[in-house]
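Shown next, in structure tokens, is the structure this report addresses.
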Amino acid sequence: MAIDRGERSGFEVTEGQREAIEEAMRIIIEEDRDRGIDPLARFRCERCRRPEHLLGSVLYGDIRLCNLCATTFEVARISGRVRTCAQYVGGRRIRTMS
Ligand SMILES: [Zn+2]
């Protein structure tokens, strides 16, 4: 990653960074499929609170995100908008701890 060019503008991510994240998320889906994760299995995503596919979901510590929310989180993290998954999920956990 080229981060020392001195031209990082705020919260922007480059097209290349976004593509790399989306590619990584596609790989996670393929790996889950290869590992035999039930394509019909669902879980409640911590971010969007919807019953989403377990296949392709990502576990950050004890927080599980659906593939779409994980993609958005990775983009937010690389842009510096959030640092942790708990922050991204909405501060419910953070407030009780600090
Ligand atoms: Zn989600």
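A compact table of results
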quantity: Summed side-chain charge close to Arg44 - residues other than Arg44 whose Cβ falls under 13 Å, Lys, Arg +1, Asp, Glu -1; calculated: +3
quantity: Compactness index (Cα Rg / 2.2 N^0.38 Å), region 15-97; calculated: 1.11
quantity: Extension gain from Arg18 to Glu30, taking 0.36 nm per residue of separation minus the Cα-Cα distance; calculated: 2.4 nm
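Each reported figure results from applying straightforward, stated rules to the coordinates on display, with no laboratory input. Since the structure is predicted, the reported quantities are computational estimates derived from the model, not experimental observations. Positions of Cβ are generated from backbone atoms using ideal geometry, with glycine treated the same way; all protein chains shown enter the neighbour counts.
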